[in-house]
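Nothing in this text is a laboratory measurement; each read-out follows from the coordinates by a stated rule. Here the structure is a predicted model, which means the values were calculated and not measured. Here Cβ is always computed from backbone atoms with ideal geometry, including for glycine, and neighbour counts include all displayed protein chains.
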Amino acid sequence: MTKIKRITSFLGGLIMVLAALLFSTDTESAMKVISFLLSLSLLLYGIRMMIYFLTMARHMTGGLSILFRAIIVFDLGLFALNLTSLPQVYVMLYLAAMHGFSGIVDIMRARESKQLDAPSWKLSLLHGILDVTMAVLCVIFIDSIRLASYIYAAGLFNSGVIRIIQSFRKTESVYVQ
Amino acid sequence: MQEDFHYYATYGAACLAGYSHEESLAICYSDQFTDVCSETLLKKIGAPAEAATTQLQLELMDARTDLIGLQKITRIWSSFHFLPRDLYAKCKGGRRYRSKYRLICGPNSALLKDTVELAKGKGPEAAGIAMHILSDTWAHRYFAGTPSYVINNTDDHFFELYEGDGEWNRRAVIFHRNVSAGDNPKASTYIRTIRQVSENSIMNLGHGRAGHLPDYAYARYVYMPSWAGYREVVKDNPKEYYYAFCQMVYALRYLRGDVPEFKLGTYDFDLVEPYKDEIKGILTKVQTDASADWKAFGEKLSGREIPEFDMSLYENEYTLAAGASRPETAPGKYFAAANAQKSMVTDRIFSSGNWLAGISRRVGEEITRSLTGKERGAS
């Protein structure tokens, strides 16, 4: 990691942690910000896919499906941005899916680590259980704005801390000896 | 390719090339070790981590796919399992697409010649690594040793070819992800990685999207590779594995000093001819593991028993050796040969204007020299 990347990673992590703290105290505005971010991420994802199609995927067999996908996602992003408020149920489902998937992957990873006697399995298992718990909570309390903002804040806090830790991580050498 | 070919078939090829039982065992052990020499293993035994020749599933799951992460993956997989066919291949598309396209693996490349020549005079450990790479160029052709959706993806237009009523017929391959169900050649059902429409997803590394089909000697199939512009490609594994075997015998004879020069596209068909039917019988037999057949073949050639591959042999030898004498042990020589191979391939890829494998030590030192204006020691 270059010095500039380290600094941007650290600052990005710090901003995420601060935003997480803010979201957990002001749930009303948190909901609006989460909805806006979701719509924006769809829009940006659509644009990214279009660029991917133009630069790479147009040369591949079946690459046109990427363009269709990009248009649909971009359209959905535009639509969501134009709504005055995104129905809360979608926000909760998004959070549930995000944490559920991440949790299952972490548990599978922990299982494989344990089989190989790698020491990291306990941490992975803990992450996995936490994520799955959050996903279950999202589904149970699907009508709760407060819980949605808490869960989003927790996820953001976690990502922020990881980014800060990564910015201090030792850089791997690109050289091959 | 799997243990059946990398271990037992390589033993047979080494015997045919004139090596003794012990030498053949050392060569085939090193060949197979290339599929298990991961960073996790190296760290466990206190060996240099940069000598890794493969990545475990767990390591791949944790691998970052930013530029540095991608370079690490590409260095390992392109150097040892998917040796690029043509680093200067012409194709449509911009620089980013071209960089990936040029890493597509294939046999008889200039890099293969460099690989075999690099192993010359460096003992059975280096010879084993070279044989692993050589045979994989046949099995893994058409796939790249770097994560790439636009190169390595395969879709549902995938058929197995089987002979019936005197002609070749097609049977649709059904891919699934039920690991416990495994591969079933009789029903043409095979496991493959999940489709991830993300260019650098680890699911798109090598032949993951075609499952283990490229690794099965009996498999004959037709499909449309992502990079081929809607053209069908036929892969005749029994034929290509036979070429791989004959080329291995030839390369091993060169390494042994029986042949003065290693020429591309040259195979020891004559030497293998007396065993042709037997080998072709093994290669065409529908089975996902041909170890027993190759073992019997090898034992018939040498008249000696071939022990099962025991991963802990190198581990024990290396950990029990005193620190200073470790480089002189068989695993020590293996790690040195692996490093040399990785450095050579990285250097060639980088010199072709492709950043996907990172910077080799040679280029790195040249840059340092030009920046500082003085000689720098090894880092």
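Annotations for the structure displayed:
- Per-peptide packing, taken as the mean over residues of other Cβ atoms within 10 Å, places B:40-52, B:8-20, B:266-278 in the sequence B:8-20, B:40-52, B:266-278 from highest down.
- The protein assembly as shown: antiparallel DSSP beta bridges as a percent of all, rounded to 5: 85 percent
- Cα-based equivalent ellipsoid, the range B:80-227: semi-axes from gyration tensor eigenvalues, Å: 28, 21, 15
- Rounded if a/c under 1.5, otherwise prolate or oblate - chain B, Cα gyration tensor axes: oblate
- DSSP beta bridge pairing in the range B:39-194, given as percent antiparallel to the nearest 5: 75 percent
- Close amide-amide hydrogen proximity is noted between B:F175 and B:Y190, each under 5 Å apart and 5 or more residues distant or on a separate chain (H modeled in the peptide plane; Pro and chain starts excluded).
- Calculated translational diffusion coefficient of the range B:118-170 (4 °C, 1.567 mPa s; Stokes-Einstein with Kirkwood radius over alpha-carbon pairs) equals 88 µm²/s.
- Reachable aspartates and glutamates from B:K295, criterion Cα separation under 13 angstrom, eight or more residues apart if same chain: B:E3, B:D4, B:E278, B:E305, B:E308
- Shape summary of the protein assembly as shown, radius of gyration then Dmax from alpha carbon positions: 25.9, 82 Å.
- Full-stretch length increase - A:R146, A:F68 - with 0.36 nm per residue and alpha-carbon distance subtracted: 24.4 nm
- Shielding of A:50-59 by partner chains, average beta-carbon count, 10 Å: 5
- Cross-link table A:K3/B:K72; B:K72/B:K113; B:K92/B:K239, entries beyond 28 Å C-alpha to C-alpha: B:K92/B:K239
- For chain A, the relative contact order works out to 36 percent when only alpha carbon pairs closer than 8 Å and six or more residues apart are counted.
- Alpha-carbon centroid distance for the pair the range B:26-86 / the range B:269-336, whole angstrom: 20 Å
- Qualifying chymotrypsin sites (Phe, Trp or Tyr not before Pro) in the range B:32-118, DSSP loop, other Cβ atoms within 10 Å at most 12: B:Y88
- Residue-averaged [θ]222 nm for the protein assembly as shown, counting only DSSP H segments that reach four residues, each worth -39500 (n - 2.57): -18500 deg cm²/dmol
- Near B:G164, once Lys and Arg are set to +1 and Asp and Glu to -1 for all other residues with Cβ below 13 Å from its Cβ, the sum equals -1.
- Applying 1/(1 + (r/R0)^6) with r as the Cβ-Cβ distance of B:E167 and B:Q196 and R0 = 56 angstrom yields a FRET efficiency of 0.90.
- Spacing of the modelled spin labels on B:E261 and A:L83, each 7 Å from Cα toward Cβ, amounts to 7.1 nm.
- Antiparallel bridges, percent of DSSP beta bridges restricted to the range B:157-280 (to nearest 5): 80 percent
- Ratio of Rg to Rh for the range B:1-109: 1.05 [Cα atoms; Kirkwood radius as inverse mean 1/r over pairs].
- Chain B: most fluctuating residue of B:V259, B:V249, B:V150 per GNM, C-alpha cutoff 10 Å: B:V259
- The Cβ shell under 14 Å around B:D277 holds other residues with a net charge of +1, Lys and Arg each +1, Asp and Glu each -1.
- Fewest-first ranking of B:S148, A:S149, using other Cβ atoms within 10 Å as the exposure measure: A:S149, B:S148
- Most mobile of A:I15, A:I107, A:I51 in a GNM of chain A (Cα contacts under 10 Å): A:I51
- Take every Cα pair under 8 Å whose residues are at least 6 apart in sequence, average their separation, divide by the length of the range B:101-231, and the relative contact order is 28 percent.
- Check: the protein assembly as shown dipole with +1 on Lys, Arg Cβ and -1 on Asp, Glu Cβ, in debye: 2240 debye
- Note, ³J(HN,Hα) from phi for the range B:322-328, Karplus 6.51, -1.76, 1.60, rounded to Hz, x at Gly and Pro: 5, x, 5, 8, 4, x, 8
- Under a Gaussian network description of chain A, with springs only between Cα atoms under 10 Å, the residue in A:T61, A:T25, A:T133 that fluctuates furthest is A:T61.
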